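Before any comments, here is the structure.
The values are calculated or read from the model by the stated rules, or taken from the named source; none is laboratory data. All values reported here derive from a predicted model rather than from experimental measurement. With ideal geometry, Cβ positions are generated from the backbone for all residues, glycine too; neighbour counts draw on all protein chains shown. Keep in mind that these areas ignore ligands, DNA and RNA; they rest on the heavy atoms of the full protein, side chains included. Shrake-Rupley method; radii C 1.70, N 1.55, O 1.52, S 1.80 Å.
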Amino acid sequence: MTDSTLKEKTAKGIAWGAVNNGTTQVLNLVFGIVLARLLDTEDYGIVAVLTIFTALAGCLQAAGFSQALANLKPPTRRDYNAVFWFNVLAGFSMYAILFLCAPLIARFFDQPLLTDLSRLAFLTIPISALGIVPNAKLWIELRNREMALANIGALTASGCTGMWLAFNGYGCWSLVWQQIVYISACNVVRYYFTRWCPKLSFDFGPICRMLGFSSKMLLTNILTVVSQNVQTFIFAKLLPIDVVGQFSQANKWSTMGHSFISNTMNQVAQPVLVNADTEKGRQQRVFRKMLRFTALVCFPLMFGLAMVAHEFIITTIGSKWEPVVILLQILCLGGAFVPLHTIYQNLIVSKGRSDIYLLMATILIVLQIGVTLLLAPWGIKAMVTAFSLLNIFALGCWHIALQRVMTLSLLEVLKDTMPFALIAAMVMAGSYYATRAITPLWLLLASRVLLATVTYLAIMRLLNVTILKECLQLIVKKKTT
């Protein structure tokens with residue numbers, strides 16, 4: 001694939017990824033606001049407890065084969081079929097095990113409702129198993145338009161379902177049904193777009209060939225899930241369930257912010273970096289450009305969310321959620337660095353070095369659990385602050401790991417990314433103090449968002465930032481074609 005072709009496919013993939021994730025965030029924002037007004041902190045806390053179980057089971061049934069398929073050039077129908085039947089068998093096995101363990105989970109957290117609630121929630125595992133292969137097929141072929149349409153349609157259907165159930169008094173059950181409807185609708189649309197269907201043959205030869213790579217990805221994905229959910233698990237055991245709900249709400253809004261750019265890049269990064277590894281220096285150029293684009297977007301987005309956290313939370317989901325504000329602000333500062341981790345991870349995986357990815361994920365999760373437990377006596381704010389600082393520290397760790405597969409100095413990475421962080425921080429600080437006199441919260445929120453956005457873009461234009469110019473050129477070209 002030539003540079004121009006790869007650049008065009010990357011740009012198209014990022015554009016549709018941005019549409020997908022941008023629309024997803026808007027819909028999540030709308031549905032999240034409505035549901036947070038209808039439900040209580042306890043409802044979110046109870047459902048948050050189950051997240052780590054469903055996510056871990058999802059990793060086990062997927063077993064890292066989506067990434068393994070992406071590294072094949074290209075995967076065959078036989079490969080897809082083998083992965084499908086493996087995922088289905090694993091998914092239904094995971095559900096059976098967790099179904100039997102439901103009473104133990106309820107007893108551990110001293111929440112009797114969890115027995116029946118978890119058995120319903122765990123249905124997402126076998127349902128999602130049915131859709132892993134068509135989703136992987138769309139991802140590998142960079143068919144981001146179809147992925148976007150599937151995600152947006154499913155999110156709309158599930159959000160409407162959740163709101164209707166919450167309005168009719170179903171409480172935490174509405175959140176669980178929302179997840180089930182979302183995964184089911186995604187599967188239907190993905191199968192429609194891929195026109196793929198499994199064959200009734202059980203040839204697991206391809207599984208054996210991919211096992212070396214996928215097993216390391218499986219362990220890494222498990223560690224990633226643990227990293228993302230371990231705090232909720234620990235909080236649910238040590239703290240009241242309403243405090244768990246507050247953290248869950250803060251983490252949800254923070255994740256919505258940084259996942260916009262993380263998911264956008266995830267949809268194209270690994271396939272593009274694999275295709276770019278054809279000549280010396282080419283992959284490094286692509287990698288650094290991805291870093292610059294990510295930094296251009298993620299720092300103003302996350303620092304901006306921290307700046308408007310108070311007025312945003314009070315205006316949208318109400319004053320009952322005010323304790324969420326400080327937690328959200330802390331999470332946003334560390335969350336600004338998470339999309340940069342994503343680029344590093346995708347490059348390492350594109351080199352087939354899932355062993356490095358596994359080692360780094362292990363080190364970081366051990367640090368996270370250790371720090372969280374160490375600071376538990378000081379309360380939730382101390383634990384969340386440590387987690388946020390660890391996200392910043394992790395960027396250096398991932399760069400050290402990068403040296404095993406690519407020669408790139410830390411100074412070059414800092415030149416690519418830190419100017420955006422510094423400018424974003426100064427813009428947000430200036431916007432905060434310039435608007436302090438505004439009293440109505442809705443007007444304060446709108447003024448700060450508008451002022452910060454205009455100021456940041458103006459500074460980028462005045463500095464003649466190359467990555468912004470390239471983004472604007474691609475947008476203009478897209479409109480004229």
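Remarks
- Test: residue in the range 230-240 that is surrounded by fewer than 24 Cβ atoms within 10 Å (Cβ to Cβ) and modelled with pLDDT of 75 or more: yes
- Remark: pairs (first residue in the range 70-88, on the phi < 0 side of the Ramachandran plot; second residue charged (D, E, K, R) and modelled with pLDDT of 75 or more; Cβ separation under 8 Å; 6+ apart in sequence or on different chains) = LEU72/ASP79; ARG77/LYS199; TYR80/LYS137; ASN81/LYS199.
- Subset of the range 430-468 [outside any helix (DSSP H, G or I) and on the phi < 0 side of the Ramachandran plot]: THR435, ARG436, ALA437, ILE438, THR439, PRO440, LEU463, VAL465
- Assessment of the range 175-185 against the conditions (touching a residue at least 24 places away in the same chain (Cβ under 8 Å), over 23 Å from VAL47 (Cα atoms) and assigned to a helix (DSSP H, G or I)) yields no matching residue.
- In the range 98-107, the residue that is least open to solvent (accessible area, probe 1.4 Å) out of those that are more than 20 Å from PRO240 (Cβ to Cβ) and touching a residue at least 12 places away in the same chain (Cβ under 8 Å) is ALA102.
- Qualifying position, being under 23 Å from the mean Cα position of the chain (by Cα), buried (at least 17 other Cβ atoms within 10 Å of the Cβ) and assigned to a helix (DSSP H, G or I), among VAL413, VAL427, VAL366: VAL413
- Odd one out for ARG404 among (1) modelled with pLDDT under 85; (2) in a helix (DSSP H, G or I): (2)
- You will find that of VAL371, VAL384, the residue that is more than 19 Å from LEU305 (Cα to Cα) and either of a type in the set (D, E, K, R) or assigned to a helix (DSSP H, G or I) (or both) is VAL371 and no other.
- Hey, ALA150 in a helix (DSSP H, G or I) and either in contact (Cβ under 8 Å) with a residue 60 or more places away in the chain or buried (at least 19 other Cβ atoms within 10 Å of the Cβ) (or both) or not: yes
- Of all residues in the range 108-123, those that are farther than 20 Å from ILE183 by Cα have Cβ atoms under 9 Å from Cβ atoms of residues that are assigned to a helix (DSSP H, G or I) and of a type in the set (Lys, Arg), 6 or more apart or on another chain, in PHE108/LYS237; PHE109/LYS237; LEU114/ARG107; THR115/ARG107.
- Looking only at residues of the range 253-302 that are in a loop (DSSP other than H, G, I, E, B), at pLDDT below 65 and not β-branched (Val, Ile, Thr), we find that the one that is least open to solvent (accessible area, probe 1.4 Å) is GLN267.
- Hey, VAL188 aliphatic (A, V, I, L, M), out of contact with any Phe, Trp or Tyr (no Cβ under 6 Å at 6 or more places or on another chain) and either in a helix (DSSP H, G or I) or at pLDDT 85 or above (or both) or not: yes
- Scanning the range 435-452 for residues that are more than 21 Å from LEU301 (Cβ to Cβ), polar (S, T, N, Q) and open to solvent by less than 70 Å² (accessible area, probe 1.4 Å) gives no hits.
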